[in-house]
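Quick note: the coordinates plus some simple rules give every number you see, no bench work behind them. Note that the structure is a prediction, hence the values are computed from the model and not measured. As a convention, Cβ positions derive from the backbone with ideal geometry for all residues, glycine included, and neighbour counts pool all protein chains shown.
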Amino acid sequence: MRLVRQRIERGGERLWWFEDFSALPFSAVAQALSRLARGGTIERLSKGVYYRNRETAFGKSRPNPAAIRSLASQRKTLFTSGIAAANLLGFTTQMPKQIEIATTALSLPRKLVGNDTRIHTRRPEAWASLTETEAALLDFLRQGGKFNELSREDTISKLLTLLSEKGRLNRLLKVADSEPPRVRAMLGTLGEQLGTSRRTLQRLRASLNPFSRFDFGVLAALPNAGAWQAKEKC
């Protein structure tokens, strides 16, 4: 389609996707983009996403990684993970050498997030209702507080402070059913410390296998951790 080609050629180096041509018939746009990709005018990065490059002294230009990840976050629900999540929460000053993200999707196109990105897929769809900080808290608990520079006492104090923000713990407890048993047990332990309702705590406890024991990491120092099936500290 001539209109698609003209817009792309006038647009210069940039990303293109179907939504850029929403005023035109979808099937015609798809065919035009596919034809332009086969002819080398644009490069297909993933389904419905294309890149118009330009010639440089070092060869053809490559998409800006930050712009690519921004586009990916518009199309899929992405969350910080690992060291980045711990840094966001204030448990470490370290910055990850490797980008690490979590997503509710089954997979992410490598051309969108980068070949060196570590991806954790299949996070619960319930995470989409959480803020970035709340998702980072669940990630931190899943890691057992692994990426942490604070003392055990300061770690627990900071966790309780973060969870004390109005409505935050309740939002996390609402999605607790979609979390692994260990995370549910840790949320129960923290919730009990913060005075969560007895009914909510009973529901959480009932969801756990009474014969299981969980590695709480630094949270094993909580006085009620044993009652929530934490493994004994060595």
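A cut-off of 5 Å between modelled amide H atoms, ignoring neighbours fewer than 5 places along the same chain, links residue 118 with 99, 100, 101.
Cβ crowding within 10 Å, taken as a proxy for footprinting-reagent exposure, orders 43, 149 from fewest neighbours to most as 149, 43. Across segment 211-220, coupling constants 3J(HN,Hα) worked out from phi with the 6.51/-1.76/1.60 Karplus curve, θ = phi - 60°, read 9, 7, 10, 10, 7, 8, x, 5, 6, 5 Hz, and Gly and Pro carry x.
Once you've got the GNM for the chain with C-alpha springs shorter than 10 Å, pick whichever of 81, 22, 46 has the biggest mean-square fluctuation. Top of the fluctuation ranking is 22. The angle between the Cα long axis of helix 65-75 and the main principal axis of the chain comes to about 70°, on a 0 to 90 degree scale.
Put in order of Cβ neighbour count within 10 Å, fewest first, the listed residues 21, 211 become 211, 21.
Multiply the residue separation of residue 153 and residue 131 by 0.36 nm, subtract the distance between their alpha-carbon atoms, and state the gained length in nm to one decimal. Intermediate values should be presented prior to the final figure.
Working: separation 22, 0.36 × 22 = 7.92 nm, distance 2.56 nm.
Additional length available on full extension: 5.4 nm.
With a Förster radius of 22 Å applied to the beta-carbon distance between residue 38 and residue 6, the computed FRET efficiency rounds to 0.75.
A simple rule links phi to the HN-Hα coupling: the Karplus curve 6.51 cos²θ - 1.76 cosθ + 1.60 with θ = phi - 60°, which for segment 169-179 gives 4, 4, 5, 5, 5, 5, 9, 4, 4, 8, 9 Hz, with x for Gly and Pro. Rounded to the nearest Hz, the phi-derived 3J(HN,Hα) couplings of segment 32-44 under the Karplus curve 6.51 cos²θ - 1.76 cosθ + 1.60 (θ = phi - 60°) are 5, 5, 4, 5, 5, 5, 5, x, x, 5, 10, 10, 7, where x marks glycine and proline. Amide H to amide H distances under 5 Å link residue 230 with 214, where only residues 5 or more positions off or on other chains count and H is placed in the peptide plane.
Summing +1 for each Lys or Arg and -1 for each Asp or Glu among the other residues whose beta-carbon sits under 11 angstrom from that of residue 192 gives +2.
Taking the C-alpha atoms only, the angle from helix 181-193 to the longest principal axis of the chain is near 60 degrees. Gyration tensor over the Cα atoms of the chain: the corresponding equivalent ellipsoid has semi-axes (square roots of 5 times the eigenvalues, largest first) of 46, 19, 13 Å.
The GNM of the chain, with springs linking C-alpha atoms under 10 angstrom apart, assigns the highest mean-square fluctuation among 183, 29, 218 to 29. Who wins for biggest fluctuation among 153, 55, 192 in a Gaussian network model of the chain, springs between alpha carbons below 10 Å? Among 153, 55, 192, the largest mean-square fluctuation in the Gaussian network model of the chain belongs to 55. Remark: 7, 54 ranked as 54, 7, counting other beta-carbon atoms within 10 Å and listing the fewest first. Seen against the Cα atoms of the chain and their longest principal axis, helix 132-142 is set at about 60 degrees. Sequence gap at least 6, Cα distance under 8 Å: using those rules, report the relative contact order of segment 150-234 to the nearest whole percent. Relative CO of segment 150-234 lands at 31 percent.
Counting only DSSP beta bridges with both residues in the chain, tell me the antiparallel percent, nearest 5.
Here the antiparallel bridges make up roughly 75 percent for the chain.
Shape summary: segment 92-132 maps onto an equivalent ellipsoid whose semi-axes, from the alpha-carbon gyration tensor, are 19, 16, 7 Å in decreasing order.
Annotation: segment 150-234 has a Kirkwood hydrodynamic radius of 13.0 angstrom, from the mean reciprocal C-alpha pair distance.
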